[in-house]
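I have placed the structure first, in the form of structure tokens, so that the comments after it can refer back to it.
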Amino acid sequence: MSMTKKILATASAAAILLGLAACSSDGGAPTGEAGSVGISMPTRSLERWINDGEGLKAKLEDAGYTADLQYADDKADTQISQIQNQIAGGADILVIAAIDGELLAPVLEEAKAQDITVIAYDRLINGSENVDYYATFDNYKVGQLQGEFIRDTLDLDNAEGPFNLEPFAGSPDDNNAKFFFSGAWDVLLPYVESGKLVVPSGKSPKSNDEWASIGILGWKSDAAQAELDNRLASFYNGGEKIDVVLSPNDSLAQGISASLRSAGYTAGTDWPVLTGQDGDKASVVNILAGEQSMTVWKDTRTLGDVVFGFIEAIQAGNEPEINDTETYDNGKKVVPAFLITPEVVVKDDVQTKLIDSGFLKASDVGL
């Protein structure tokens, strides 16, 4: 049995036992009997965080937990204040998707003083010894899948080239963004260095360590659109065309698509290869229309299941099952992690992977 299946099986069994133990004479399980969990999500402005937060909250409440879900509107000080309130409110466990993982160390000291377990949710919290566990997808693999898709789609090992590439990176305050970029750049940089890929804008990091130089703060679609507008106006005003855009996620890809449309690019003729991540509805619509080439799908329901399994194990006095004890050094400790493998979705996969699985409804994407 795979580690993911083990953790889900353990969680399911534990949920059944807890449910039986908690049943009152009238058959109900009083909310909160299982424990209290504070869930801190960064924003409602991205579809995925709404799904993540509400999905985990519902799962916990169905199992008898009290779950306090807060969104911080991409403001780190707001998130800190919300976490402080959850600590004061008696949370047993905190699940935190950090806005800026460098700023939470002081509030996590407060959590430690109250013997609260801290789970970093999909974004690593840096600079603190008080991060107990980390649940995420294999973020380096996300970028690697994007880089390999570009390599294989353009047939970079055999095609003559050169191809015009414009790379983008994620928000500089998001620890995951460096993993996404590194995974892709480890695949693509050799082709840049050989001249098979050229970057007319010059926005081509010389190494993975320079990724933040092309980062888009807050993962904002409009910021990505404005950035590509500037690159097109400055470096593609003589009839040159972009052949490929490395976009680390779907929100940036949506802004990039809008910029390309404004510049007169047409799907099916001169539209460049364009990557993404998350399986957002708007990007799946673009994939079906030929305006985005792929998305790396991270089934956030699975991430919620893994975190729920963590919580059940912790509340039972057991150690959660993990599968990575080496990768995620936050500057104070290597945080024990559970990594989930992402997968590529292209146009032909939308029905079988996203819709048939229930991740999206056909009506969500015009099918």
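The values are calculated or read from the model by the stated rules, or taken from the named source; none is laboratory data. Treat the numbers as computed from the prediction; the structure is a model and nothing was measured. As a convention, Cβ positions derive from the backbone with ideal geometry for all residues, glycine included, and neighbour counts pool all protein chains shown.
Is it fair to say A253 is modelled with pLDDT of 95 or more, in contact with a helix residue (DSSP H, G or I) (Cβ under 7 Å, 6 or more places away or on another chain) and closer than 26 Å to W297 by Cα? For A253, the condition - modelled with pLDDT of 95 or more, in contact with a helix residue (DSSP H, G or I) (Cβ under 7 Å, 6 or more places away or on another chain) and closer than 26 Å to W297 by Cα - is met. For residues that are more than 15 Å from the chain's Cα centre (by Cα) and under 20 Å from S357 (Cβ atoms), scanning just segment 307-344, find the one that is surrounded by the fewest Cβ atoms within 10 Å (Cβ to Cβ). Out of the qualifying residues, it is G309. In the set L46, L108, only one residue is surrounded by 21 or more Cβ atoms within 10 Å (Cβ to Cβ), at pLDDT below 95 and out of contact with any Pro (no Cβ under 8 Å at 6 or more places or on another chain); that residue is L46. Restricting segment 176-201 to residues that are crowded, with 23+ Cβ neighbours inside 10 Å and among the small types (G, A, S), the residue that is farthest from F163 (Cα to Cα) is A177. Give me the residue from segment 215-262 that is outside any helix (DSSP H, G or I) and hydroxyl-bearing (S, T, Y) and, out of that set, surrounded by the fewest Cβ atoms within 10 Å (Cβ to Cβ). The residue in question is Y236.
Using beta carbons and a limit of 8 Å, which pairs, at least six apart or on different chains, have the first residue in segment 75-87 and closer than 13 Å to A111 by Cβ and the second one assigned to a helix (DSSP H, G or I) and β-branched (V, I, T)? What qualifies is I80/V107; I83/V107; Q84/V107; I87/V107. All conditions but one from (1) polar (S, T, N, Q); (2) at pLDDT 95 or above; (3) part of a loop (DSSP other than H, G, I, E, B) apply to T327; the one that does not is (2).
So, in segment 280-301, how many residues would count as being at pLDDT 95 or above, touching a strand residue (DSSP E or B) at 6+ places or on another chain (Cβ under 6 Å), farther than 14 Å from V244 by Cα and of a type outside the set (A, V, I, L, M)? The qualifying residues number 3. Of S234, S221, all but one fail to be at pLDDT 95 or above, among the polar types (S, T, N, Q) and under 18 Å from S257 (Cβ atoms); the exception is S221. Checking each residue in segment 145-195 for being under 30 Å from G101 (Cβ atoms) and among the aromatic types (F, W, Y) picks out F149, F168, F179, F180, F181, W185.
Just to be sure before I move on: is G90 at positive phi and touching a helix residue (DSSP H, G or I) at 6+ places or on another chain (Cβ under 9 Å) in the structure I sent? Considered against the rule, which asks whether it is at positive phi and touching a helix residue (DSSP H, G or I) at 6+ places or on another chain (Cβ under 9 Å), G90 comes out as no. Candidates G101, G89: the one that is buried (at least 24 other Cβ atoms within 10 Å of the Cβ) and either in contact with an Asp or Glu (Cβ under 8 Å, 6 or more places away or on another chain) or modelled with pLDDT under 95 (or both) is G101.
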